[in-house]
Amino acid sequence: MSQGKPRVLLVSIVPPHNDCGVRIVMHRHLVERSPFELHLASNADSVGDPLVHTRLRLPYLIHRLRKSRFGPRLTAWVTDYGNFIWPLATNAALEAAVEDFKPDVVLTLAECGLCHVAQKTAQRHGLPLAGLFFDWFPVMKGHYGHKSTQSILSRRYRELYAACDLAFCSSDGMQEMLGPHPNSHVIYPMPGRHRVPEQAWPSRSGKFRVVYVGSVENFYGRMLCSLIEKIEATSDLEIIVVGPNADWPKPLVERARANGTYLGFKPPEEAAEVLASADALLSVMSFEKEHELFMRTSFTTKFLDYVSFGKPVVLWGPEYCTPVRLAREHGGAAVVSAADATAVVCLCRNIARDTELNEKLSKQALQLHQTLFNPDRLQNVFVQKITELVNG
C-alpha cells in the first residue's frame, strides 16, 4: 500500500454527484468525506466534469453512430455492444490510468458493461477488486439492450459478485439474492449530512402535509399520480412532490405545478427545507410484478435521509421489498402494503389525529437514524473494509 490514504481507482458509468440515485450515494462516501485518494474513470457523457479524470469511450464508429440521427433506432444494439463486446478488448485509457495513478484497489459500480472492463483490468494488474452492488441494473431500462439479454446479464452480475475480493450490498435482500460470499457487507445507501433547517418551506396551509422527495418517473410516477388524485379530493390533506423529469399526464403535471404540489428537482439543501415542512414523509416501492426483483434487492436512499428529520415516515410498498422488511423488524416507519392509494390516505389521517402514533413514529425514525442508519457507522464500515482489503 502507498503512504497516506489508500489510492482508489473508481470505474463507474456515472460520476459521484450530489444530486440523486447512486451518484449521490457515491458522492457521500467518496467525495464529501474524502477518505481516499480517488481517481475516477468513467464513460459517462459528462464533458467538463472535473471529477472525471479518465474518460472511457466506445470505439469511434460506435460512438458516432450512437450520436447520429440513426442512434435512437439502434439504441438496443449499441447497448448490447457496450455490455458484451466492448469489455472483451483491453481499454487503453484505463490501462494508462492504472500505470499513472498506481491504485491500491479497483472499485467499480456493478452494472452491465463497464464493471466487467474494471474486473478484467484488476485481474490483469493483480489488483484487488471491490464492487458496489447498489441496484439490480440488468433489469433496469437503459442498462440492457434487448430484453432477451436480461437473464444473461443477471448471471454475469452474480459472477462479478463472486469474483470481487470485497462486495458492498445496498440491502439484505441484495445480499440474499446474490448468495454467499466470504467478504460481503450490507451498507444501506449513505444518507446525507442534513442540517434540519429552522425555516421550513413552503409555508404551512393548515392541512396535514405529506412530502415525497425522489424519483418521479415510471412506476414511481404512476403511484404518485394515483395518490395525488386521491389527496386532491380531500380537504384535510396535501402532498408536495420534489424530483426531476415527471412523466405524468400533461394535465396533471400542469395542475400540480400550478398549485404547488409538484416542485420539480431541488438540490439536497433546498429539498431539506421542504422536508422540514412536512407532517409525514413518503417513500414508495412498486407493486408491479415486472419490478419485483428490483424491489427485493434495492433500498431507497430517501428512507435513510427521511429519518434524520424525526418525522413520521410512511413506506408504501409490497411486503417483499427490502425497506418494508426492515421496518417490520426494526420499526422506524408506518407501512402501507396495499397497492390502492386510498390506504395511504387513511394512514395519513390516522397519523394526523392520533398524537400517540405520531410521536411513536417520530421517535422510531430518530432511533433508526442514530443506530442502523447512522451515517458515521455506515462510512466507518465502508472505509474500514476497503482499508483492510488494501492492507491485506
All lysines inside 16 Å of LYS5 as judged from Cα atoms, apart from same-chain residues fewer than 8 positions distant: LYS102, LYS385
Just the C-alpha atoms of segment 10-110: what Rg/Rh do they give, with Rh taken as the Kirkwood radius? 0.99
Let me know the volume per residue of the alpha-carbon convex hull for segment 143-226, in Å³. 175
Counting other Cβ atoms within 10 Å, which chymotrypsin sites (Phe, Trp or Tyr not before Pro) in segment 55-132 have at most 15 and lie in a DSSP loop? PHE70
For the chain, give the percent of accessible area contributed by carbon and sulfur heavy atoms, probe 1.4 Å, rounded to a whole number. 51
State, in angstrom, two size descriptors of segment 65-220 derived from its alpha carbons: Rg to one decimal place and Dmax to the nearest whole number. 19.9, 63
To the nearest 10 degrees, the tilt of helix 114-125 (Cα long axis) against the first principal axis of the alpha carbons of the chain is 40
For the chain, state what percent of all Cα-Cα pairs lands in each successive 10 Å bin, counting from 0 Å until the bin that includes the largest distance. 5, 22, 31, 24, 14, 4, 0
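May I ask for the percentage of alpha-carbon pairs in segment 353-392 that lie more than 15 Å from each other?
For segment 353-392, the fraction of Cα-Cα distances above 15 Å is 58 percent.
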Cα long-axis angle, helix 341-353 against the chain (0 to 90 degrees, to the nearest 10): 60
Identify all lysines with a Cα-Cα distance to LYS147 below 17 Å; exclude those on the same chain that are fewer than 8 residues away in sequence. LYS289
Going from the alpha-carbon gyration tensor of segment 175-266, what semi-axes, largest first and in whole Å, does one get by taking the root of 5 times each eigenvalue? 32, 19, 12
Quick check for you: with a 1.4 Å probe and neighbouring chains kept, what is the accessible area per residue of segment 287-371, in Å²? 43
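Where does segment 189-333 land on Rg/Rh, using Cα atoms and the Kirkwood Rh? Please list the in-between numbers first.
On the way: Rg = 14.7 Å, Rh = 15.6 Å.
Over the Cα atoms of segment 189-333, Rg/Rh equals 0.94.
In cubic angstrom, how much convex hull volume per residue do the alpha carbon atoms of segment 278-392 span? Before the final figure, lay out each step's value.
Working: hull volume 12.0 nm³, N = 115.
It comes to 104 Å³ per residue, whole-number rounded.
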Taking only Cα atoms, what is the 0 to 90° angle, nearest 10, from helix 218-232's long axis to the longest principal axis of the chain? 10
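The values are calculated or read from the model by the stated rules, or taken from the named source; none is laboratory data. All figures in this text were calculated on a predicted structure; none of them were measured in a lab. So basically every Cβ, Gly included, is an ideal-geometry build from the backbone, and we count neighbours across all protein chains shown. With ligands, DNA and RNA removed, areas are computed over all heavy atoms of the protein, side chains included. Shrake-Rupley method; radii C 1.70, N 1.55, O 1.52, S 1.80 Å.
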